[in-house]
Structures are given as structure tokens and as C-alpha cells.
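Engineer: Below is one structure. I have some questions about it.
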Amino acid sequence: MNSTAEEEDSMYAEISNLLPGIRRVDESSLEILGTPIFESGLRRMFSSKTESLGLMCDRLKLMDVHPALCVFKKSLDSSRFSYLLRSSKAFLLRDELKGVDDLFRSTLEAIANVKLDEFSWNQGSLPLAFGGLGIRKVEDLALPAYLSSVYSSSSLSDKLLEKFGIKVIDDEFMRLVEGIPLDFVPEKFSDRKVQRNWDLPRINSKFCELFESSEPTTRARLLASSTKESSKWLQVVPSSQLGLLLDNNAARIAVGLRLGSQLCEEHKCVCGVTVRKDGLHGLSCRSSAGRISRHDEINKIVSHAFSSAGFPNIIQPPGISRDDGKRPDGMTLIPWSHGKSLLWDVTIRDTLAPSYVNQSSKESRSIADNAERFKHNHYILLKENYLLTPIAFETLGCMGPETKKFIEKLGRLMKKSSGEERATDYLLQKISIAIQRSNSACILGTLGRNRVDEFYLL
């Protein structure tokens, strides 16, 4: 039977007489190793953490988009709640978890200046390898974090509690596990100790749900964004000195393209075609300003990479052309292999172009793969005296299979020459940033002349 407030006060008075100076504390303040013991304390801690997180997120809005996004992903996302999720039954506090996720969503919308519908936010909360931004929802992580923590600590906990006859994996805990779909429960006991093994089936399920409910263009975007190289721009440390900083428009468009958000108002392109709010027409429009700069920038990056690897080279070598008079983008000035110099030719195809989307919605990298074969056919006469490698990327960042092997080999040679362990990764980051910049230029290029200038010309 529960004691009344008067009985508790009387009991406290008697204890105070026996133990002078003893303090009466509220159960919400009781913690062990930084984790609240009672649910009221857990709610209080969530409220406190969310409040401080909200203050820091507000300060992110004062920064430029790319650095703010980097800080948000690295320091202010669900990782700040990891210990609390692993050491408590936070998954029971659905309203508090949703409140944190709503804060993440509004912060992302504010710093990236994009509007996220439910589909875009669900995609953005997925890991990079599944086409998301890696800003995980605490609501998705709470149960996997707790279950893996209990299993991984069960052996030690059972030894500590053995004399009390208590086990952490008891009937109540097993009822919780049995309530989870079998597909989401790791079979082996040892696998249940790893949070990723509880989390990955849920991620796969959410990605498949998004994919199956989408039309071809969205499917193509999801597949392309799920490739490893497409997210390299999200892994850079933004630095203008290293050429790895996206301006605000380029960063906004990069986020919007990845998540399928609105990028502009509907308008007429300089070519006369109506551009929808997703802005995708600019990526494949032949009149758009960014297509040539996109090609030239990546060509320069590849040329510098050859030089770093110890292979002098020349861009657009004179006197060497295919049967239609067009020259390759570059050539090594010393043999690359088997006594032959290497010719390379860069191409970037639009993953979401109407003519490609039927194919790119079924298989990632397929458009870049076709581009590689196309280049080989066009340079067939030069291949008698030279080696040829096509360098094919898509606008969402993925690359062809032959390009992937070539970049890996070039990266190894750069590592051997410079001693930099992450040479391949840095090369891909530079290319990824260049692609995002050019995507921005292509989309903004559809706007034509500035509307203010037009007004004054009237």
C-alpha cells in the first residue's frame, strides 16, 4: 500500500533525528553512472539535453551551409544521445524521442535552406551508404542501442548480481525481444551484442519501403546516392584553402538533389524548356553554363593526380585525335604500362536525364558503365599505339566500374609517391566536390539573366 505524503514527511522527520544532515532528494535526480534510475529522471534528462541541443542548433544557423552541415553531422546529431540510449529504456519515451527528431529535421531545413517532406526526411535519416545524410533519428536508434547494450554487458552484469539472484536478460526482457519481428532479430547470441546487427535490418526495410513506393526518377536517385563515392562530398572537412568548400547555393543544391527537394521556382530555361521546381532539367540541358566547367575541372583534378603519382602529362595533347578530329582529354608523357602512354577521356552523364532514367532506376552506375563503353568505341583506332582509360562519372557522384579500378590504381601510385595513406579518398573527395559545384552551376544556369537587370533594361 502506498504511503501518503503525511506519512512520508513523518518518516523523513524520524530519519532526520537519527541521521542529522541527511538530505531528501527527488527520485528524478537519482542517477547511476550518469543514467537516471527512474523514468521521471529520464524525461528530465531528455528535456535538458534537448534544450541545450536546441541552443547549439540555433547557433549553426549563423554559419555558412557547408561548415554548418559538417558540424551538425559530426557533433550535434544522435551521437549526443548514444550513451543515454544504450544505458536506459529511452525507447519507451516516444514523445521525447520524436521531439528530438523534429529538432533535427527543423535544424537541417534551416541550415541547408531546403524544405523536407516526410519522404525526404526519412531518406535523410538513413546512413550515407543507403542514400541518406547520416543524420540518424534517435527514435530509430533507441531500441537497437538498448538491446545490444544489454546483451553485450549481460555476462558481467550477471556476475555482479549473482548473489541477489538477478539476471538482466529476464522474462520481461525476453518478452520485449519476442515482440520484435524475427527478421530484425540477429540469430546468434554473439551477433546480438553489436548494435549494427539490430539496426541494419531496420535500415534495409526502410530503404526498400522508400524504393518500392517511388517512381523511376526517385528510384534512380536513391540507387545513385547509395553508392560509396556519391557521398564523398559529405565526408570532407570544408576548407577553402584545400578547395573543398561549397558555397551556400552549391551546398543547398547538393543536399536538395540528394534528397529530392525543391530547388527553385518553376521557370523558363534559357533554351525555352519549362524547368520544374526540382531543377533537374539543368543537369542535362545543353544550353546550361555548368557543363563545360564541370568537365574541365575534373580533367584538371585527374591531371594533377597523375603528376602527384609521378607521371608527367599533358591536357588535350596536340597531334592525337580520333577519326572525327576530337582529341582525348589528356595523355601521360611517359609510359603507363607495357611501354605505352595512357590516354584518358573524362565524361559526366546525368543520372536523372529523361533518356537515361529508365535504366538508372534499375541499376546504379549503369549510365557511367555505358559511357565507358562508348568512349572505347570512339577511340578504337588510337588503342593500337596507346592505352586508353575512360573516366566516367554521373551527376549524382557514382562512377563506372572501369573508372573505379583506375581511380584505385592511381590512388595507390599517389600513396606510394607521397606517402599519404588516404590519397585515394582525398582524390575522390576533390572530384565529388567538383561535381557538386558543377551541378549547382548547371541548375542556376537555367535562370538566364538576373531578373533585376532585366527590370532596369525595360
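Engineer: Conditions: (1) of a type outside the set (Ser, Thr, Tyr); (2) buried (at least 16 other Cβ atoms within 10 Å of the Cβ); (3) out of contact with any Asp or Glu (no Cβ under 8 Å at 6 or more places or on another chain); (4) at pLDDT 90 or above. Glu266 meets all but one. Number of the miss?
Structural biologist: If we test Glu266 against (1) of a type outside the set (Ser, Thr, Tyr); (2) buried (at least 16 other Cβ atoms within 10 Å of the Cβ); (3) out of contact with any Asp or Glu (no Cβ under 8 Å at 6 or more places or on another chain); (4) at pLDDT 90 or above, just (2) comes out false.
Engineer: Just a yes or no: is a residue in the stretch 20-43 at pLDDT 85 or above, touching a helix residue (DSSP H, G or I) at 6+ places or on another chain (Cβ under 9 Å) and not assigned by TED's automatic domain parsing to the domain that holds Gln241?
Structural biologist: yes
Engineer: Here is a list of conditions, (1) of a type in the set (S, T, N, Q); (2) over 30 Å from Ile253 (Cα atoms); (3) touching a Leu at 6+ places or on another chain (Cβ under 9 Å), and Ser47 meets all of them except one; can you say which number that is?
Structural biologist: Ser47 satisfies every listed condition except (3).
Engineer: From the list Ile320, Ile391, Ile380, pick out the single residue that is in contact with a strand residue (DSSP E or B) (Cβ under 6 Å, 6 or more places away or on another chain) and either among the aliphatic types (A, V, I, L, M) or free of Cβ contacts under 8 Å to residues at least 60 places away in the same chain (or both).
Structural biologist: Ile391
Engineer: The conditions are (1) assigned to a helix (DSSP H, G or I); (2) under 27 Å from Arg422 (Cβ atoms), and Leu246 fails exactly one of them. Which is it?
Structural biologist: (1)
Engineer: Being out of contact with any Gly (no Cβ under 9 Å at 6 or more places or on another chain) and of a type in the set (Lys, Arg) is the filter here, so list the residues in the stretch 386-421 that pass it.
Structural biologist: Lys404, Lys405, Lys409, Arg412, Lys415
Engineer: Take the residues in the stretch 60-114 that are part of a loop (DSSP other than H, G, I, E, B) and free of Cβ contacts under 8 Å to residues at least 60 places away in the same chain; name whichever of them is surrounded by the fewest Cβ atoms within 10 Å (Cβ to Cβ).
Structural biologist: The extreme case among them is Leu62.
Engineer: Among the residues of the stretch 353-391 satisfying the criterion of being surrounded by 15 or more Cβ atoms within 10 Å (Cβ to Cβ) and of a type in the set (Lys, Arg), which is farthest from the chain's Cα centre (by Cα)?
Structural biologist: Lys375
Engineer: Going by the conditions given, is Lys277 among the charged types (D, E, K, R) and touching a helix residue (DSSP H, G or I) at 6+ places or on another chain (Cβ under 9 Å)?
Structural biologist: Taking the combined requirement at face value, the residue does not satisfy it.
Engineer: Follow-up question, since we're still on this one. All but one of (1) in contact with a Gly (Cβ under 9 Å, 6 or more places away or on another chain); (2) outside any helix (DSSP H, G or I) hold for Gln241; which doesn't?
Structural biologist: Status for Gln241: all satisfied but (1).
Engineer: Let me ask something else about it. Within the stretch 256-266, can one find any residue that is of a type in the set (S, T, N, Q), in contact (Cβ under 8 Å) with a residue 24 or more places away in the chain and more than 14 Å from Gly131 (Cβ to Cβ)?
Structural biologist: Yes, because at least one residue in the stretch 256-266 is of a type in the set (S, T, N, Q), in contact (Cβ under 8 Å) with a residue 24 or more places away in the chain and more than 14 Å from Gly131 (Cβ to Cβ).
The values are calculated or read from the model by the stated rules, or taken from the named source; none is laboratory data. Just so you know, these numbers come straight off a predicted model, no measurement behind them. Here the Cβ is made from the backbone with ideal geometry for all residues, glycine too, and neighbour counts use every protein chain on show.
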